[in-house]
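What follows is a short report on a single structure.
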Amino acid sequence: MIALLDLVRGIVFALFAFSAAIVLGTWAIRNRRIDTSGGVGRLIERMSDPIIQPIERWIRRRGGNPQNAGWWLLGGTLVSGILVVTVTEWLIRQTFRFARAGSQGPFEVVQLIVFFAAQVILLALIARVVGSWFGVGRFHRWMRPAYILTDWAVLPLRRLIPPINIPSFGPVDITPIIAWLVIQALLGWFMAI
C-alpha cells in the first residue's frame, strides 16, 4: 500500500512539473524569449496551447486577465495534487483500520463505526461554520444536511452559551466550536476504551 502512495505522489509531482514547464514555456513565448518561428517555439506552442487556451477562455468569461492562466494552471495542479495525495493516504489508512478492526472483534468494529460517524458530524460542523461565513444558512439546500447532522449538539449549547460580542465584528456564535471540542473529547475518550 505504501508503494501505491509513492506512485500517486510521483504522478502528482510529474504533473506539477509538466504544468510548470508549460507555464514557463508559455511565459517565454509571450515575452519573446523564444521565437515561435523556430522548431522549439512551435513545439512549445503545440504542447501548451491545448492546455492553456481553455483556462484563458475560462478566465476571460469570468472577466479576469487571461495572462494569469499559467498561475491558475499551477495553482489548480498544486491544490488538486494535494487533494489526490491526501485522499489516497486517507483511503490507505482506512483500509488498514478496517482490516485491523475486522480481526480484533466486534467492539473494534463498533469503535470504527462510532469514529466514522463522529468524523462525519465534525465535517458537518466545519461546513456549518464555513457556510455561515459566506451567508449560506440553514435553509440553503446544500447546507440542510450539515444542520440536520449538527443541530442536536449545537442547539442545547446555544441555550447555555450566549454569543460573544466582538466590537469590530458584532455577535459571534461560538457554540459550533464548543460542540466540535466536546465531540472530539468524547471521541478521544471512547477510542481510548
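The table that follows gives values for the structure above.
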item	result
Calculated [θ] (222 nm, deg cm²/dmol) that DSSP helices of n ≥ 4 give over the chain, each run adding -39,500 (n - 2.57)	-27500 deg cm²/dmol
Computed over region 71-185, Kirkwood Rh from alpha-carbon pairs, angstrom	16.9 Å
Rg(Cα)/(2.2 N^0.38 Å) for region 28-95, N = residue count	1.53
Dipole magnitude (debye, nearest 20) for region 111-193, charges at Cβ of Lys, Arg, Asp, Glu	220 debye
Reduced Cα scattering model of region 78-130, Debye log10 I(q)/I(0), q = 0.22 Å⁻¹	-0.91
Net charge over other residues, Cβ less than 14 angstrom from the Cβ of Ile2 (K, R count +1; D, E count -1)	0
Check: the chain dipole with +1 on Lys, Arg Cβ and -1 on Asp, Glu Cβ, in debye	520 debye
Computed over the chain, the ratio Rg/Rh where both radii use C-alpha atoms and Rh is Kirkwood	1.14
Net length gained if the chain between Phe169 and Val40 were fully extended (0.36 nm per residue, minus Cα distance)	40.9 nm
Candidates Glu89, Glu108, Glu45, ranked by Gaussian network fluctuation over the chain, Cα under 10 Å, top entry	Glu45
Relative contact order (%) - criterion: Cα under 8 Å, at least six apart; region: region 108-193	30 percent
0 to 90° range, to nearest 10: angle between helix 144-160 axis and the chain longest Cα axis	50 degrees
Calculated FRET value between Leu157 and Phe116, using beta carbons and R₀ = 35 Å, to 0.05	0.90
With every protein chain in place, region 1-120: carbon and sulfur % of accessible area (1.4 Å)	68 percent
Accessible solvent surface per residue of the chain, calculated while the other protein chains remain in place, 1.4 angstrom probe, Å²	69 Å²
Rounded tilt (10° steps) of 175-192 against the dominant C-alpha axis of the chain	80 degrees
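The values are calculated or read from the model by the stated rules, or taken from the named source; none is laboratory data. It should be emphasised that the depicted structure is a prediction, and the values quoted were computed from it without experimental measurement. Virtual Cβ from ideal backbone geometry, glycine too; neighbours counted across all protein chains shown. Surface areas here come from the heavy atoms of the whole protein model, side chains and all, with no ligands, DNA or RNA. Shrake-Rupley method; radii C 1.70, N 1.55, O 1.52, S 1.80 Å.
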